[in-house]
Amino acid sequence: MILRPTREDLKLIGWGIGRVILGVGLIMLVPLAVAVACTEWNTVLDFLVGIAACVAFWLLMENTCRVRGRDLTWFHGLIVASAGWLVAMVFGAIPHYLSGHFPSFLDACFDLMSGYTTTGLFLLQDLDHVSNGLNMWRHLLTYAGGQGIIVIALTFLFAGTSGAFKIYASEGKEEKLLPNVVRTARAIWMISLTYLAIGSVFLFVSLLVEGMTVGRGFLHSVWLFMGAWSTGGFAPQNLNLLYYHSFIIETITLVIFVIGSFNFALHYAVWTRRRTEIFRNIEIRSFTITALITTLILAIGFSKFHVYTTLTEFFRKGFYNLISGHTTTGNSTVYATSFYKEFGFIAMWGITMAMAIGASACSTGGGFKGLRMGIFTKSLWGDIKSLVSPESAVVREKVHHVKDIWIDEPLVKATMLVLISYVVIYFIGGLLGVIYGYSPSVAFFDAVSSGSNTGLSAGLTTPLMPSLLKVWYIIEMWAGRLEFMSVFALFGLAAATIIGKGRGAKAR
Amino acid sequence: MSASRSRRGYLTFAMACLLAMALTCAAARNAGAADTVSITSLIEDMKKYDNRQVTIEGEAIGDILVRGDNAWITVNDDPYSRRSIEEGGELVGMSNVGIGVWLPADEARKVKVLGGYKNRGAKVRLTGVFHRACAEHGGDTDIHALRLEILRPGHPFKHSFQWDKLGAFLLLCVAIALLWYWRAVKRRKWAKEE
């Protein structure tokens, strides 16, 4: 029997979402400060309106939805995470829309969801003339989104609530680095901010060497770091990494997004001096193997086209974009059209495959994730071993991810459910593109890119793309980032509200 | 009679010369325009233009990245390069279209104002060799130019203050004040109940 959520359930969810939106408003203080410092007064107004709207919404939720004496359950946590991202998209899009660089609020929402989910696709028009304040907001939201909006809210706004872990885990991050989830959230921030400081310094020095002025070099270094570390792939100029024409900047960003794509639990293990974890971790092994296979595919593809012929060209145009795709970053050193005109069919599908597989679980990246690929491969290997072993033999496989995990039926089932969900959204997105008249290679490239939160585009994602595709890509980015469970819960809530029976809160 | 005829003859001759000059100028101008290739054409048909001399015109944007004796500048020729959105230009449903140009640093320094949020960048004309995958620059798609011509210098522009946004902000402030008051009343009520 499906139980209808009670009024109290809905109120608790509303209260939780209100706090998430307050978090969004607080993050807007940073671009506001940048806009003030750069005397960009219209941008200042954009952010003031955005912040005021967030605060007003939070107060409204506090006044109307606060339920005394009750804490969030798993169900509430799932809904707060999934619906929270959607509401955060709407409020975060206010400064974008007010900037005048979007013809519709839908386009602004697209960019917001792309930023939060660290995808990196964008519909913003005339990027090369946007203000520093708006550019800071674009990069900051992808940096913040990489850690998880919920993690931000947990860090500051949910301290002391026992339901905190439920919303944390609902955002696609099951792993607790520390016993307390709020401390875990803070540890994630500590790791990210330390890397921000180190990575930005390296980029800043390199940008100065490569001819940029101090002021612009500082801003660009922070933005490039945020875009790469969060595996978002945003850059302040329309040409993305091609703008800099720099081997050193490309190498540094490559290192940053590879490190950024690692699991936070792995980072924490290394921070706490368990360095052997790097070599034993299933995700690192899985990533290495899939990166090697796709590099080989890329090399075969390039050899057919004879465009990028030297080792340097292969590294800067091929390998860089491949790993950018594999880590679901989306930083690019070529034009969008180059993917299908210069790379050719084989290399393009090699990158599409790498994007679909994606990065690590509990990281800033998207895609199937290395952990799931590891579990899937190991379970398949176990099945093959069972077939060739005597009937009485018991074959069990395990993977190592911080600790040894034995592969059992429920784990394989859960893994397969998520894998199939990814394949379904990729397929629907690709099919929609084909129906709209795009070539299959381009349609599937962009569909996989949005569903795996990568951000590379073969030219389909433009402001003139059909609205239905924009909406579908928003759904893909959102569902892919949250790894489906929270999204299923939200649909479940909608169904329960309509067809459910009785008062479900107590039973639940 | 003969004097007036000869004067008319001179006038006719002068007018014919002027007409010829005007036609020559127009033809030269058209020939120049025909020589110019759009960056979109270059990107869409890289194979055709690879290693060929091309001329582009557009707005210099962003930065001049000096590397030794040479420098990189980025030139955009999309509709926003003529009038950016910040300057009041219209949204045309596309992103920027630009290309990196490698040229002598002294030539690049002729550009005094680069396009950005507060500036309209200099309009430049560049002739150079287009590379689909430049061997010298790790496979970058670029143009190697020797000379840069400033067609129109850049300049800063002012944004008009948007009073409607200020009005929206003030309205939201009033809403926040009312909601805050409501919250305080509720809290007092809860405190009494407890």
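Residues in the stretch B:62-102 that are surrounded by fewer than 24 Cβ atoms within 10 Å (Cβ to Cβ) and part of a helix (DSSP H, G or I) were compared, and the one that is nearest to the other protein chains (Cβ to nearest Cβ) is B:I85. Screening B:L151 against (1) crowded, with 17+ Cβ neighbours inside 10 Å; (2) over 30 Å from A:T312 (Cα atoms); (3) more than 8 Å from chain A (Cβ to nearest Cβ) leaves a single unmet condition, (1). All of (1) within 12 Å of chain B (Cβ to nearest Cβ); (2) touching a Leu at 6+ places or on another chain (Cβ under 9 Å) hold for A:Y268 with one exception: (1).
Could you go through the stretch A:362-381 and let me know if any residue there is under 29 Å from A:H139 (Cβ atoms), within 18 Å of the chain's Cα centre (by Cα), more than 14 Å from chain B (Cβ to nearest Cβ) and of a type in the set (S, T, Y). Checked the stretch A:362-381: at least one residue is under 29 Å from A:H139 (Cβ atoms), within 18 Å of the chain's Cα centre (by Cα), more than 14 Å from chain B (Cβ to nearest Cβ) and of a type in the set (S, T, Y).
Residue selection: A:H220 fails the criterion of being buried (at least 20 other Cβ atoms within 10 Å of the Cβ), farther than 25 Å from A:T117 by Cβ and at pLDDT 95 or above. Out of the residues in the stretch B:44-53 that are on the phi < 0 side of the Ramachandran plot and either part of a loop (DSSP other than H, G, I, E, B) or open to solvent by less than 10 Å² (accessible area, probe 1.4 Å) (or both), which is farthest from the other protein chains (Cβ to nearest Cβ)? Filtering first and then ranking leaves B:R52.
Just so you know, in the stretch A:228-237 the residues that are within 14 Å of chain B (Cβ to nearest Cβ) and crowded, with 24+ Cβ neighbours inside 10 Å include one that is nearest to A:S450 (Cα to Cα), and it is A:F234. Take the residues in the stretch B:103-117 that are in contact with a helix residue (DSSP H, G or I) (Cβ under 9 Å, 6 or more places away or on another chain) and not in a strand (DSSP E or B), then tell me which one is farthest from the other protein chains (Cβ to nearest Cβ). The selected residue is B:G116. I need the full set of residues from the stretch A:204-217 which are free of Cβ contacts under 8 Å to residues at least 24 places away in the same chain and crowded, with 24+ Cβ neighbours inside 10 Å, in order please. Within the stretch A:204-217, A:M212 is the sole residue that qualifies.
Of the residues making up the stretch B:120-143, those that are buried (at least 17 other Cβ atoms within 10 Å of the Cβ), under 29 Å from A:K341 (Cα atoms) and within 14 Å of chain A (Cβ to nearest Cβ) are B:F130, B:H131, B:R132, B:A133, B:C134, B:H137, B:G138, B:G139, B:D140, B:T141, B:D142, B:I143. Does A:D383 qualify as being in a helix (DSSP H, G or I), closer than 28 Å to A:L106 by Cα and either without any contact (Cβ under 8 Å) to a residue 60 or more places away in the chain or of a type outside the set (A, V, I, L, M) (or both)? Considered against the rule, which asks whether it is in a helix (DSSP H, G or I), closer than 28 Å to A:L106 by Cα and either without any contact (Cβ under 8 Å) to a residue 60 or more places away in the chain or of a type outside the set (A, V, I, L, M) (or both), A:D383 comes out as no. Which of the residues that make up the stretch A:56-104 are more than 9 Å from chain B (Cβ to nearest Cβ) and in a loop (DSSP other than H, G, I, E, B)? The answer is A:V67, A:G69, A:R70, A:D71, A:L72, A:T73, A:S104. Cβ-Cβ distances below 6 Å connect the following pairs, each with a first residue in the stretch A:428-456 that is assigned to a loop (DSSP other than H, G, I, E, B), a second residue that is among the charged types (D, E, K, R), and a separation of six or more residues or different chains: A:N453/A:R481.
Here A:S379 passes the criteria (1) out of contact with any Ser or Thr (no Cβ under 7 Å at 6 or more places or on another chain); (2) open to solvent by less than 60 Å² (accessible area, probe 1.4 Å); (3) within 30 Å of A:S192 (Cβ to Cβ) except the one numbered (3). Checking the stated criteria, B:S95 turns out to be in contact with a helix residue (DSSP H, G or I) (Cβ under 8 Å, 6 or more places away or on another chain) and among the hydroxyl-bearing types (S, T, Y).
How many residues, within the stretch A:310-331, are open to solvent by less than 10 Å² (accessible area, probe 1.4 Å), at negative phi and not charged (D, E, K, R)?
Step one: of the stretch A:310-331, the residues open to solvent by less than 10 Å² (accessible area, probe 1.4 Å) are A:313, A:317-318, A:320-331.
Still in the list and also at negative phi: A:313, A:317-318, A:320-327, A:329, A:331.
Within this subset, residues satisfying the condition of being not charged (D, E, K, R) are A:318, A:320-327, A:329, A:331.
Of the residues in that region, 11 qualify.
Scoring A:H129 on the criteria (1) within 12 Å of chain B (Cβ to nearest Cβ); (2) buried (at least 24 other Cβ atoms within 10 Å of the Cβ); (3) in contact with a Leu (Cβ under 8 Å, 6 or more places away or on another chain) leaves a single failure, condition (3).
A:I420 meets all of the listed conditions (1) open to solvent by 20 Å² or more (accessible area, probe 1.4 Å); (2) within 21 Å of A:L124 (Cβ to Cβ); (3) of a type in the set (V, I, T) but one, namely (2).
Among the residues of the stretch A:26-38, write down those that are modelled with pLDDT of 95 or more and more than 9 Å from every other protein chain (Cβ to nearest Cβ).
Answer for the stretch A:26-38, where residues must be modelled with pLDDT of 95 or more and more than 9 Å from every other protein chain (Cβ to nearest Cβ): A:M28, A:L29, A:V30, A:P31, A:L32, A:A33, A:V34, A:A35, A:V36, A:A37.
Working only within the stretch A:30-55, note down all residues that are buried (at least 20 other Cβ atoms within 10 Å of the Cβ) and not in a helix (DSSP H, G or I). Across the stretch A:30-55, the qualifying residue is only A:E40. All told, A:L371 falls short of being open to solvent by 40 Å² or more (accessible area, probe 1.4 Å), in contact with a helix residue (DSSP H, G or I) (Cβ under 8 Å, 6 or more places away or on another chain), closer than 20 Å to A:F484 by Cα and not in a loop (DSSP other than H, G, I, E, B). The test for being touching a residue at least 24 places away in the same chain (Cβ under 8 Å), within 17 Å of A:F57 (Cβ to Cβ) and not acidic (D, E) does not hold for A:V130. When the stretch A:302-337 is filtered for residues that are hydroxyl-bearing (S, T, Y), within 25 Å of B:S95 (Cβ to Cβ) and at the interface with chain B (Cβ under 7 Å from one of its Cβ atoms), the ones remaining, listed by number, are A:Y308, A:Y335, A:T337. Just one of the numbered conditions (1) among the hydrophobic types (A, V, I, L, M, F, W, C); (2) at pLDDT below 95; (3) open to solvent by less than 10 Å² (accessible area, probe 1.4 Å) is not true of A:F225: (2). Selection over the stretch A:457-508 of residues that are outside any helix (DSSP H, G or I) and at pLDDT below 90 gives a count of 7.
The values are calculated or read from the model by the stated rules, or taken from the named source; none is laboratory data. Just so it is clear, the structure is predicted and the values come from calculations on it, not from any experiment. Please note: Cβ atoms are built from the backbone with ideal geometry, for glycine as well, and neighbour counts cover all protein chains shown. Heads up: the accessible areas ignore ligands, DNA and RNA and are worked out on the full protein's heavy atoms, side chains in. Shrake-Rupley method; radii C 1.70, N 1.55, O 1.52, S 1.80 Å.
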